[in-house]
Amino acid sequence: MSFEELNLIAPLLEAAKKQGYAAPTAIQEKAIPPALSGRDVLGCAQTGTGKTAAFAFPILQRLHTTGSTNGKRPIRALVLTPTRELAAQVAESFHAYGANTGLRQTVVYGGVGQDPQVRALTRGVDILVATPGRLLDLWQQGFINLKSVEALVLDEADRMLDMGFIQDIRRIAALVPRQRQTFFFSATLSSDILRLSGNLLHNPVEVSVAPPATTIDQIEQIVYIVEKRDKLSLLTYFLEKKEITRALVFIKTKHGADRVVRQLHRSSIPAKAIHSNKSQKDRERALDSFKKGETRVLVATDIAARGLDIDDVSHVVNFDMPNEVKNYVHRIGRTGRMGAAGTAITFCSPEEWALLSDIESLIRQRITIAPEHPYRSSRAYWVERPEEKKANNPAAPLPGVTYKRKRGSGRLIPTRWV
Ligand code: AMP
């Protein structure tokens, strides 16, 4: 299917062309036609699927073809996102997609001074992209009027719930007119999500695109069994290789991320960290320099990285295993985007081993364990699966270590080390 067949107006077709989009992605093909006819949309799709254009195009078309853009502009479309980075990214997309429409848009989020945001709002915008906290803050101060909103978007709704924005969302929903078009996008559809979407959407068309598994197929996944204390040396060893052109390294804690950046600097590997303790300016600068290719290594925590649209990440490195199994999928989805090849490297200490089998159950795939590397844990032989064990590995469990046998595979998993 082509963009023309979606019945988009010329300014949008031109924008799609300018972006180099040859054809709509699956989510765009499914969501745009019903959205253009005014239906509410419940979309199950992740970042990387082209979901932003799936709501931005119909909204831009609606605003462009109805109402005038002269005189004072009331906010007619409101897009809510969980994080500042995603908000900035979505606003950038609206800017690009709406370049020929004459519509104005701006973005508001916390962590930066509000004055420039207030000035932009005062000048009048048709489309507002916002994180919930700052939006309510500015609304309370009287800088925002949501009474003319015709289109409401909740982007990454599951993430908003995870981050505790449910009350904020309810409050905001009560501030916009009932008579409106609502777009609700989420990577997962849990019962909480369905309850919330049920309250916000009216007879929505449900569209979903291939779950992460299809993305994962293009990603080479390898696990390195390494002691915690050797992880940094292993990371340095990898980053000294030239083929790692752009690496996104995931660390569990903010302090951990800062520490890794400092230590990489000592090995003359420039890296930048992105996490919620950094100022918005620092985060933007880090992201920008990574996107431009000036910094080869970006060290991030899960929250900071979620939803970021960074193209051409050659490698995702899970320096720490993710706290939650589903985060593994979110993390490695940063590579292998839009059909590109990518590699996901996971550092797993024997203590983190149990998580690995949970991840494998989730993605319904075995992840290859690297047989040899300079920092291989001396305990690695014990956590390897039979097919990966070397012939000379002892077959008997280690004395003093407690194991549980995993149902199904029969694998022994150490639960407590001496
Ligand atoms: P999103 O899921 O909206 O964050 O989009 C992910 C990436 O896909 C962005 O870099 C978009 O520029 C790109 N993209 C969106 N739609 C298309 C399309 N129809 N063809 C090619 N790339 C696209």
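Using per-residue counts of other Cβ atoms within 10 Å, averaged over each peptide, order 4-13, 56-65 from highest down. Mind dumping the intermediate values first?
Values: 4-13: 16.0, 56-65: 22.5.
Per-residue mean Cβ counts within 10 Å order the peptides as 56-65, 4-13.
Express the C-alpha Rg of region 219-384 as a ratio against the empirical globular expectation 2.2 N^0.38 Å, rounded to two decimals.
0.97
What does the helix-only formula give at 222 nm for the chain: each DSSP H stretch with n ≥ 4 adding -39500 (n - 2.57), the total divided by the residues, and the result rounded to the nearest 500 deg cm²/dmol?
One gets -11000 deg cm²/dmol as the mean residue ellipticity at 222 nm.
From the square roots a ≥ b ≥ c of the eigenvalues of the alpha-carbon gyration tensor of region 39-81, which class results: rounded (a/c under 1.5), prolate (a/b over b/c), or oblate?
Cα axes put region 39-81 in the prolate bin.
What are the lysines whose alpha-carbon lies under 23 Å from the alpha-carbon of LYS72, with same-chain residues fewer than 8 places away excluded?
Within the straight-line limit of under 23 Å, LYS72 reaches these lysines: LYS147.
Would you mind telling me which residue in ALA77, ALA151, ALA174 has the biggest mean-square fluctuation in a Gaussian network model of the chain, where springs connect alpha carbons within a distance under 10 angstrom?
ALA174
Which of the listed residues, SER314, VAL329, ALA354, is farthest toward the dipole's positive end in region 253-360, when Lys, Arg count +1 and Asp, Glu count -1 at the beta-carbon?
Farthest towards the positive end: SER314.
Among 123-132, 97-106, 175-184, how do they line up by average Cβ neighbours within 10 Å per residue, starting with the highest?
123-132, 97-106, 175-184
What area, in nm² and to one decimal, does the C-alpha convex hull of region 1-123 cast on average over all directions?
Values: hull surface 31.6 nm².
Average projection, Cα convex hull of region 1-123: 7.9 nm².
Please find, in a Gaussian network model of the chain (springs between Cα atoms separated by less than 10 Å), the residue of ASN203, ASN145, ASN318 whose mean-square fluctuation is greatest.
Highest fluctuation among the options: ASN203.
Give me the distance in nm between label points sitting 7 Å out from Cα along the Cα-to-Cβ direction at LYS228 and GLN263, one decimal.
In this crude label model, LYS228 to GLN263 measures out at 1.2 nm.
Per residue Cα convex hull volume for region 4-208, in cubic angstrom?
Output value, Cα hull per residue: 110 Å³.
Keeping the other protein chains in place, figure out the carbon and sulfur percent of the accessible area of the chain, with a 1.4 Å probe. Present the calculation step by step, with values, prior to reporting the outcome.
Numbers: 9310 of 18800 Å².
Answer for the chain is 50 percent, counting heavy atoms of protein chains only.
For the peptides 79-85, 230-236, what is the packing order when you average, over each peptide's residues, the other Cβ atoms within 10 Å and list the highest mean first?
79-85, 230-236
Which whole-percent values make up P(r) of the chain when all C-alpha to C-alpha distances are grouped in 10 Å steps starting at zero?
Whole-percent P(r) values from 0 Å outward: 4, 21, 28, 24, 14, 7, 2, 0.
Among the listed pairs LYS17/LYS51; LYS252/LYS281; LYS228/LYS291; LYS242/LYS326; LYS51/LYS231, which are separated by more than 24 Å between their Cα atoms? The partial results should precede the final answer.
Numbers: LYS17/LYS51 17 Å; LYS252/LYS281 22 Å; LYS228/LYS291 29 Å; LYS242/LYS326 30 Å; LYS51/LYS231 36 Å.
Over 24 Å apart, Cα to Cα: LYS228/LYS291; LYS242/LYS326; LYS51/LYS231.
The values are calculated or read from the model by the stated rules, or taken from the named source; none is laboratory data. This one's a predicted model, so the numbers in the text were calculated from it and none came from an experiment. Neighbour counts run over all protein chains shown; Cβ positions are idealised from the backbone, glycine included. With ligands, DNA and RNA removed, areas are computed over all heavy atoms of the protein, side chains included. Shrake-Rupley method; radii C 1.70, N 1.55, O 1.52, S 1.80 Å.
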